Structure formats: C-alpha cells, structure tokens
1. Within the bounds of region B:586-600, is there any residue that is in contact (Cβ under 8 Å) with a residue 24 or more places away in the chain, under 30 Å from B:Ser175 (Cβ atoms) and of a type in the set (A, V, I, L, M, F, W, C)?
2. Go through (1) in a helix (DSSP H, G or I); (2) more than 25 Å from the chain's Cα centre (by Cα); (3) more than 24 Å from B:Ile109 (Cβ to Cβ) for B:Thr404 and report which single condition fails.
3. Out of (1) crowded, with 24+ Cβ neighbours inside 10 Å; (2) charged (D, E, K, R); (3) more than 25 Å from the chain's Cα centre (by Cα), what's the single condition that is false for B:Lys368?
4. Out of all the residues in region B:369-401, which are within 12 Å of B:His469 (Cα to Cα) and not in a helix (DSSP H, G or I)?
5. Could you grab me the full set of residues in region B:191-248 that are among the polar types (S, T, N, Q) and in a helix (DSSP H, G or I)?
6. For the subset of region A:62-101 comprising residues that are within 14 Å of chain B (Cβ to nearest Cβ) and more than 13 Å from A:Ala29 (Cβ to Cβ), which member is farthest from the chain's Cα centre (by Cα)?
7. I'm checking my understanding of the structure. Among residues of region B:379-421 that are in contact with a strand residue (DSSP E or B) (Cβ under 9 Å, 6 or more places away or on another chain) and surrounded by fewer than 20 Cβ atoms within 10 Å (Cβ to Cβ), which one is nearest to B:Gly495 (Cα to Cα)?
Amino acid sequence: MAVAVQYYLLLSAVVFCTGLFGILVRRNALMFLMSVELMLNAGNINLVAFSHYYGNLTGQVFSLFIIALAAAEVAIGIGIILVLYRNFDDIDVTEATTMRW
Amino acid sequence: MAEHLVFELAPAIAGLPFLAFLIALFFGKYMPKKGALAGIAAAAGSLVLAVWTAATLFGGAEPYHTHIYDFVLGAEGVGGVDLSFGILIDPLSALMLVIVTLISTLIQIHSLGYMNDDGQTGLPRYYAELGLFTFSMLAFVYSDNLLMAFMFFELVGLCSYLLIGFWFRDEGPPSGAKKAFLVTRFGDYFFLIGVVAVFATFGTTAFVGEDSFVVMAEHALADGATEHITTYLGLDVQQWFTVIGLLVLGGVVGKSAQFPLHTWLPDAMEGPTPVSALIHAATMVAAGVYLVARMYGFYALSPTALGVIALIGGFTALFAATMAVVKQEIKQVLAYSTISQYGYMMLALGGGAYTAAVFHLTTHAVFKALLFLGAGSVIIAMHHDENMWNMGGLKDDMRVTYLTFLAGSLALAGIFPFAGFWSKDEVLYETLIHGLAGSPLLLVGYAFGLLSVFVTGFYTFRMVLLTFHGNPRSDAARDPASLRWNTKLPVAVLGIGAATIGFINMKPVEELAGTHLTFLHDWLAIGTVGEESEFAALTTEHYHHILFADYGAGYSAADLGPLIPAVVSLGLALAGVGAAWVLYSDPDPVPQTKKLGSVRTLLMNNYYQDEFQVWLARGVTVPVAKAADTFDQSIIDGVVNGVGSVSLFSGERFRRIQTGVVSNYATLLTLGLTLLLVVFGLVGGWF
C-alpha cells in the first residue's frame, strides 16, 4: 500500500529544517556544504513525492537534473573549501572576512 | 541642374579662399611669399568667377538658388524644421561677391608690401586667416537662409578677432581683439535669439521662394494668410515681426559698429592696416548692413523697425563724425569715418532707400579700402608712426599715394563727381522725400545725416592736409621710406574706382539730362521680368512696392526734385572742406581743435562711451554675476552637495551589514523569507 503524500512532505520539511539549522549554526565549511545538500535533497523528495502523487514523471526527471547539479555544486564547493584552507589555514567560514568594507 | 556653367561653379567662389587658407596654414612656411601667392591666386580666381557670375546675371540669366546640403531634416507633419546650406545668387549677392573678392585680392597684394617687405613674422598665419576671412564673408554673402548666414556671420567675427590680434605679443592688439569679439558677440546674442524666433514663427529661415519667411511674412500682412505663422507674447503679427526684426538688428548693430555698440571698431585699428581695410570695406562691418539688405523684404513690413534703423543710422553718422574731428592718428580718423558711413547706409535702409544703401555700400567699399591702403602706405613710409602731427609734406615724395588718397578723400567727403557724392546724395535725397511725406522720424535722421556731411568734409580734409601738405614735422616725414609696386598697384586700381564708380547710379543727372542713368537700380531690379519667378520678391521694385503699401511701412514720396537736395549736401561738404582748408592749410598747422576746450576733451574721450561700457561691465554685470554665483554656490550646489552627503553618510552606515560572515547572510536570508511568508499570510488571509 502506498504511503500518503503528507508523510513525504513531512519528511521533506524535517530534512530541510535540519539543513537550515546546519547553515545557521555551523562554522565548518564542510558541514555547511553538507547542510546545503540536505536542503537540496529535501526539495528532491518533494518533487518525487508530488510526481508520484500526480502520476506524472516530470518531477522525477527534474530531481535527476537537480542531483546532477548538486554533484557539480559539491565539486565547486570543495574547490572553494580547498582554496579557503590554503589562504586561511582553516575552514571556519566566519574567519574569511578580509574582503568586507 | 544649373542652366549656366558659372552657377555650378558658384561653390568655388567661397571654396577657393578656403583652399588658400589650408594651403597657407600647412605649407605657407615653405612657400616663397609665405602663403601670399596662394591667397592672391585664390582671391583672384574668386574675383574672376564672381565677375563672370555677375556678367551672366547681367546678360539676362535668372537668379540662381540651390540647396547644397541638409544637415538636419525635420520630421514631416509635426512642424519639424530643416536646417540646410544653400546658395542664393541674385543681383545683390553677386554685386557683394564682386566687391569682397576685389577688395580681398587687392588687399593681399598690398600685404606683400605692408607685411612681407617689412620683414614681419608669422606670415603663413596671416595669409591663412585672410583666406578664412574671405571664405566666411563670401559664404555669408550667398547664404540662402538666415541660419547659414548666422553661422558664417560668427565665423567672420572669429576671423576678425584673429586678425585684429595678429600681433598678439604686444599689449594693444589682444585687448582690441577681445573687445571686438565681445562687443560684437553681445549684439550677436540678440541675432541668435532672432534666428530662433524666425524658426519658431515661420518654421523656415529661407530668404527666397514662396515658403521663405520673408514672403510668408508679407502674405500674412497683405492677405491675412497667418495659418502657418505662430506669434508669441500675445502680440499681433506686425508687432511680432517688429520684435523679430529688432532682435536680428542687434547683430547688425554690433557688426556694423552702430551706436551704442560702435566702441570696438576704433580699437580694432590695432591690427595690421590691410586687415583694417578688409574689415572696414568689404567684410565684417559690411556684413551687418548687408544682412539688413538681404532680408529687406522683411524689414520693409515694419515701419517701427525701419524708424529705429533710420534713427540709429542717422545718429551714428553724426556721432562718429564728430569724434573723428579731434583724432590724431590717421587710422583713428578713418575708423570713425567708417562708423559714420555705415550710419548713412543704415539711414538709407531705414529711410526706404534700398538702392541707395546698396549703392553707398559699394562706393564706400571702394573708397574706404583705398583710404586704408593709402594710410597703410603712409604708415610704411613713416616707419609705423601713425600720428598725423608727425607727418606733413608727404605729397611730393609719395605722388601716387597722395593722388589716390585725395581721390578717396574727395569720395568720402562727397565732392562732385567722386563716388561718395552720388551715393551719399541719393541716401539723403530718398530719406528726405520719404520723410517729407509724413514720416517725421526720417526727417530727424535726415537732419543728422546732413549735418554730418559738413563734419565729414571737415575731418577728411583735416586728415589730408595734416598728412600730405605743409612742412614735414618729423625726420621720418622728411625722408619717407620708398614704396614698391605692390603697394601702389592696389591703390591705383581703387583710386580709379573711387573716381568713377559713382557713375553707376547718377540720379540727379538723370533728372537733369532726361536720359536713363540709374544702372544700379536696374541691376537690383533683375528678376522682376517673370512676375511668377521666386526671385521677384528680392528686387528693389518689390521692396519699393512693400514700402509704399498699406500693410508694409506705409511710406510715400514727396514731390521734390533731386537737384536742390544734391546742391545743399554738396554745398555743406564743400563748406566742411573749406573750413578744414582755412584752419589747416598753413605750412606749419597748429592743433586748432584745442580751441574747442571741454568739447574736445569730450570728443577725445569718445563721449566716455568706453568708460560707460566698462562701468556697465564692472558696476552692473559683475555684481549681478556675483549674486548669481552666490546663488549657484549656496543654493544649487548646496542641494546637490546635501544629496551627496546624505548618500555618503547612509552608505557609511549601511555597509556595516556586510559583515563578510556567511552565517549572518544566511540568517538574514532566512529571516527575510520568513518575514515575507508572514506578510503574504497576513495579507492573503491564510490565518
């Protein structure tokens, strides 16, 4: 038997809030990146859930694209983190403030 | 497609001097006479073309009008205006082309003697500027619309500035040049407003054709065809035309050195003498009077404007003549005589004597160029001493110069049968008969003009007697430098002209002999032949018609023969000459004007007009400008600076939110999104 769509949405909301919480409180850039991934995947869950609910494949195709996009984003994110480490000997995001005013 | 080859060559009349300008400017220093030969060749070429043009017109060709280039095309149907260059060759402009090119050629030949033989430096610049000057004046003369005329009018002003200030390392010339530039610019300011007013009123500034502003204005007054005409300030059509006429007249008064903007001309004597000759005889100063003649069909519609012109002219004629009486430098006397003679032309135009004005413009160009070149020869001989009290006795050593100068002086004084007599007499006669028939303003102008005939005779012969007669009063005068052909040839040509050119329009003799002798009148009437021709509106016959029409100036002519006024003016001129002879024919003359006492002081100081204008500048303009400056600095700049300071201050504060900490940004984003959701919720009624 199929699971009702609200449960999927609830799961998605929980995952999203976990990601948001991570972005707001974490200082480690790697954790930051992971939190962003969580938020993206919360969106994916939503898309797949609605796609399943309406019996339309478009949402699933979109989530495939988003997964590919997320992979690219991670590559760039890791690159930024490497440079961050090289310049600041640390990956604490609150340290890299030399370009403000 | 022009019918006649020469009309297709018309652009070259102005183009050749421009070419000479470029050649002299860039290659002058490598050329044997430092650019003079290019200038002379170009001016002579233009002269040939101009004479050919005039001859073609004389041979019965239609006047010629063509568009050359539209530099702005107005939008169709929304009252847009076209700005264009074009050429208009009618009898008036053809005559003026001949005058300008002739004088320019002779002056450049004379410059060989005055500048080259004298070892002056900077000659390429000199000849280049002369070329540009000639080009501007020629282009001005055959402009087919007021805007083009204005542009070249300004260029003429620029060239005179450059040439007056030719010796820019001395103290006087730059100052005189600046004065000439600023004073004429003051008048040109009104001219510019006038041009804009013509555009705004008629939507065109063309001089010729059915849709020219001149013809439109005439139709508006004659037939009430005012549907394409916009007037402003709540004035009726004729009053508004008067306003436009007077605005344009501002430029004329400045350029033609009429009271009260005449003060620049005597200071313009600081330039080289051939330049003075060019400025006074054919270009610059002539431009003003020529402009009124060019759009005479427009002025003839407004009796008020004509009255103002006549009064300014008559007053200037006398006013300037009195100042010439006490001057000690030969060029100063000539400068004031120029102002006075242009006053006569203005009097003639205002008095409804179009033919006479053009006639006097022609004769004056010849004899004034002659007098200046003669004075230039004297100045070379005197090693650049211009004071007449150091001269004397030059008539034996400088035979050619003396005789030609005498011919020019007789013409200037208006002695029968020299050129000036015929033209000046016709000016006065026409003004008198129009004045007697119910225009008292013209009679006032006539009285001024008649009085200055006497004064003119006096100062002219005071100058001749002091310069050439009596005993030499300085070493330079005892042993004058010798002159070469290049100074003698131009004065000889002009001397013959000064003696004979008056015969082109012998009105009193025509009356006496009963034969037809007013050839200039016929010349200016060319174009009347076909009544439907667009050039018919540019003929002296047509102007006469407008002047006498009810809708125009409303002049009429009194029944008076030309003989008695001619005798009166000749008598006055002779009396003036006689007075000069009595006072100055002594071999060792004394400064008789000292007897005038305080009047002499007044005249020597030019009626304190310079002081007055300086006071106007310092006492009125400077405080006003200071007040405006204060307003600008405190109010206008204050507002601008205030806006800047507020932005700067708030920017300084607001940039603090850019902490550089990613977490802060994320927080702001989240809070913003939440806030947005709450607002949408409240507005959308979700709760």
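1. Step one: filter region B:586-600 for residues in contact (Cβ under 8 Å) with a residue 24 or more places away in the chain, giving B:586-589, B:591, B:593, B:596, B:600.
Those left that are additionally under 30 Å from B:Ser175 (Cβ atoms): B:591, B:593, B:596, B:600.
Narrowing further to those that are of a type in the set (A, V, I, L, M, F, W, C): B:596.
Within region B:586-600 (the criterion being in contact (Cβ under 8 Å) with a residue 24 or more places away in the chain, under 30 Å from B:Ser175 (Cβ atoms) and of a type in the set (A, V, I, L, M, F, W, C)), the answer is yes, since at least one residue qualifies.
2. (3)
3. (3) is the only condition that B:Lys368 fails.
4. B:Met391, B:Gly392, B:Gly393, B:Leu394, B:Lys395, B:Asp396, B:Asp397, B:Met398
5. Of region B:191-248, the ones among the polar types (S, T, N, Q) are B:201, B:204-205, B:212, B:226, B:230-231, B:238-239, B:242.
Matches in region B:191-248: B:Thr201, B:Gln238, B:Gln239, B:Thr242.
6. A:Trp101
7. So in region B:379-421, the residues in contact with a strand residue (DSSP E or B) (Cβ under 9 Å, 6 or more places away or on another chain) come out as B:386-388.
Filter again for surrounded by fewer than 20 Cβ atoms within 10 Å (Cβ to Cβ), leaving B:386-387.
On the way: B:Glu386: 22, B:Asn387: 24 Å.
My answer is B:Glu386.
Condition check ((1) crowded, with 24+ Cβ neighbours inside 10 Å; (2) closer than 30 Å to B:Ala558 by Cα; (3) without any contact (Cβ under 8 Å) to a residue 60 or more places away in the chain) across all residues:
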site	(1), (2), (3)
B:Gly297	yes, yes, no
B:Ala317	yes, yes, no
B:Ala321	yes, yes, no
B:Gln328	no, no, no
B:Ser340	yes, yes, no
B:Ser377	yes, no, no
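Each reported figure results from applying straightforward, stated rules to the coordinates on display, with no laboratory input. In this text, all values refer to a predicted model and were calculated from it rather than measured experimentally. Neighbour counts are summed over all protein chains in view; Cβ atoms, including those assigned to glycine, are modelled from backbone coordinates with ideal geometry.
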